[in-house]
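For reference, the structure is listed below as structure tokens.
Read-outs throughout are calculated quantities, based only on the coordinates presented, and are distinct from any laboratory measurement. Please read all numbers here as calculations on a predicted model, not as lab measurements. Cβ sites come from the backbone with ideal geometry, for glycine too, and all protein chains shown count toward neighbours.
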Amino acid sequence: MNIQNSERLFERAKNSIPGGVNSPVRAFKSVGGNPIFLKRAEGAYLYDADGNRYIDYINSWGPMILGHAYGPVVEAIQKKAVDSTSFGAPTELEVEMAELVKSMVPNVDLVRMVSSGTEACMSALRLARGYTGRNKFIKFEGCYHGHADPFLVKAGSGVATFNIQTVPGVTGGVSNDTLTCAYNDIEAVKRLVTENKGEIAAIITEPVAGNMGCILPAEGFYTELRRICTEEGIVLIFDEVMTGFRLAPGGAQERLGVDADLVTYGKVIGAGMPVGAFGGRLEIMQQIAPLGAVYQAGTLSGNPLAMIAGYTLLQELRSNPGIYTELEQKTEYLKAGLQRVLEASRTPFVINQLGSMISVHFSDHPVTDFASAASANNALFNKFFHAMLDRGVYLPPSAFETWFLSNALTQADLDATISAAEESLKEIL
Ligand code: PLP
């Protein structure tokens, strides 16, 4: 495959951007090779700077649930842009957006818009601390909640991909309040809660984890977690930055049948524009300024272009819930096809999938937490990634990321992906 323009752009980028990229995983450092520079995308396809076409399973790490350059979203942004790109003052559109979110997620009483998933999680944690008057919180190893200091302890995504154990710049004063245990390990949660009785403000979790590959919650895990939080006065935060509006109109809360106290959003809620949000129970949310003293703010929060993009996409998802059935059927078809070719290859593998989130681990043991994900044959995944890329299939460049499907994928795309996997496995094994 000719990637000369991408290679030239990467060399040029390294002179003016750290590592040539604006977010670490994009650099392909762990899988090796040259990152592909993209020029445009449409529906299920990406086109790079050399004119190569790829079937996309990253979808901007989740937001492009109906595919790239989705007509109604593009038109809405274009129309809105002529009214100004930012006011820094309230608009009717923000009210409509908040009402729409509330209609899709019934246990959200109030919702505040921010500009990224990081901001959403950081603000939700501050709010939980302010509300409870406690400092400590529990996060699960391998979960990623953005790059705010308290979350960069045993984090997933790029932090796991680059095997960064301690992030320089995060002080002990901050990280000492971050308690961690294995995902799905309810006994470890109980131990931490007992050892730190009355000191834990929040437990934050990715309800279906996507930042160590796709990891599903064990049966009953969230029922127990919910019970513990209620009994101990701990705020349960569902980080739905990946799962929100993707697993169901009401996100993982609806799909798993569990109510969190606070929920954070990103990705789909912005349709690819820089948007995040956090919301939840009135009693907690009314502690946020200007109602309460927990300060949180943003010049570009509720930005009109970001709001109209997200609003248009969410409206589409709410008015046509059949999209979720279609997405799930497509993902299950892909899973069955991958299963077939992986079994034929005789290499050990695990496929974890829920809704339109899926990932393959080259593992001979179940993958249920970070340790089991990390002990899979991730060197083989890296080879698989490149073999797939050479065949025009763009997977996340790390075994510690989930694959996201868009509803723009056709049966032919899924068949092409399965054939590419079959050929790739023949090449690399
Ligand atoms: N939370 C989760 C579950 C995420 O996957 C991410 C990003 O991938 C974030 C938070 C941070 O979001 P952002 O990159 O928009 O800051």
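What is the distance, in nm, between label points placed 7 Å from the Cα along the Cα-to-Cβ direction at residue 74 and at residue 40?
0.7 nm
Please sort by residue number the chymotrypsin sites (Phe, Trp or Tyr not before Pro) in the range 245-296 whose DSSP state is loop and whose Cβ has at most 16 other Cβ atoms within 10 Å. Mind dumping the intermediate values first?
Details: sites: 245, 265, 278, 295; in loops: 245, 295.
Listed in order of number, the matching sites are 295.
Taking only DSSP H segments of four or more residues, each worth -39500 (n - 2.57), what value at 222 nm results for the chain once the sum is divided by all its residues, to the nearest 500 deg cm²/dmol?
On the way: 15 runs with 167 residues, N = 429.
So the helix-based figure for the chain works out to -12000 deg cm²/dmol.
Ordered by residue, what ³J(HN,Hα) values in Hz, to whole numbers, does the range 232-238 give under the Karplus form 6.51 cos²θ - 1.76 cosθ + 1.60, where θ = phi - 60° and Gly and Pro are x?
So the Karplus estimates, Gly and Pro as x, are 9, x, 9, 7, 8, 10, 8 Hz.
What's the longest piece of the chain with no exposed trypsin sites (Lys or Arg not before Pro), counting a site as exposed if DSSP puts it in a loop and it has at most 11 other beta carbons within 10 Å?
Numbers: sites that count: 197, 346.
Longest site-free region, per DSSP loop and neighbour criteria: 1-196.
How much length is gained if the chain between residue 23 and residue 297 is pulled fully straight, taking 0.36 nm per residue apart and subtracting their Cα-Cα distance, in nm to one decimal? Display every interim value, and only then the final one.
Details: separation 274, 0.36 × 274 = 98.64 nm, distance 2.37 nm.
Contour length minus the Cα-Cα distance gives 96.3 nm.
Under a point-charge model restricted to the Cβ atoms of Lys and Arg (+1) and Asp and Glu (-1), what is the dipole moment magnitude of the range 71-319 relative to its Cα centre, in debye to the nearest 20?
Values: 20 positive and 27 negative charges, 52 e Å.
That gives a dipole near 240 debye.
Work out how much length residue 231 to residue 375 would gain on full extension: take 0.36 nm times their residue separation and subtract the Cα-Cα distance, in nm to one decimal.
Working: separation 144, 0.36 × 144 = 51.84 nm, distance 3.52 nm.
Residue separation times 0.36 nm, minus the Cα-Cα distance, leaves 48.3 nm.
Pairs to check: 102/267; 139/197; 79/102; 80/139; 102/154; 267/330. Give those whose C-alpha atoms are more than 28 Å from each other in this structure. Intermediate results must be reported in sequence, preceding the final value.
Details: 102/267 17 Å; 139/197 16 Å; 79/102 25 Å; 80/139 39 Å; 102/154 33 Å; 267/330 20 Å.
Correct reply: 80/139; 102/154.
Would you mind working out the magnitude of the charge dipole of the chain relative to its Cα centre, with +1 at each Lys and Arg C-beta and -1 at each Asp and Glu C-beta, to the nearest 20 Debye? It would help to have the intermediate numbers written out before the result.
Numbers: 35 positive and 46 negative charges, 147 e Å.
Its charge dipole is roughly 700 debye.
Which listed residue (403, 300, 263) has the Cα farthest towards the positive end of the charge dipole for the chain, taking +1 on Lys and Arg C-beta and -1 on Asp and Glu C-beta about the Cα centre?
300
So which GluC sites (Glu not before Pro) in the range 204-309 end up in coil per DSSP with only 14 or fewer other C-beta atoms within 10 Å?
On the way: sites: 219, 224, 231, 232, 240, 254, 283; in loops: 219, 240.
Sparse-neighbourhood loop GluC sites (Glu not before Pro): 219.
Choose one of 421, 196, 158: the residue whose Cα lies farthest towards the positive end of the charge dipole of the chain (beta-carbon charges +1 Lys, Arg; -1 Asp, Glu; about the Cα centre).
Most positive-ward Cα: 158.
Show the residues, 5+ positions off or on another chain, whose built amide H is closer than 5 Å to the amide H of residue 349.
Here the answer is 363, since their amide H atoms fall under 5 Å of that of residue 349.
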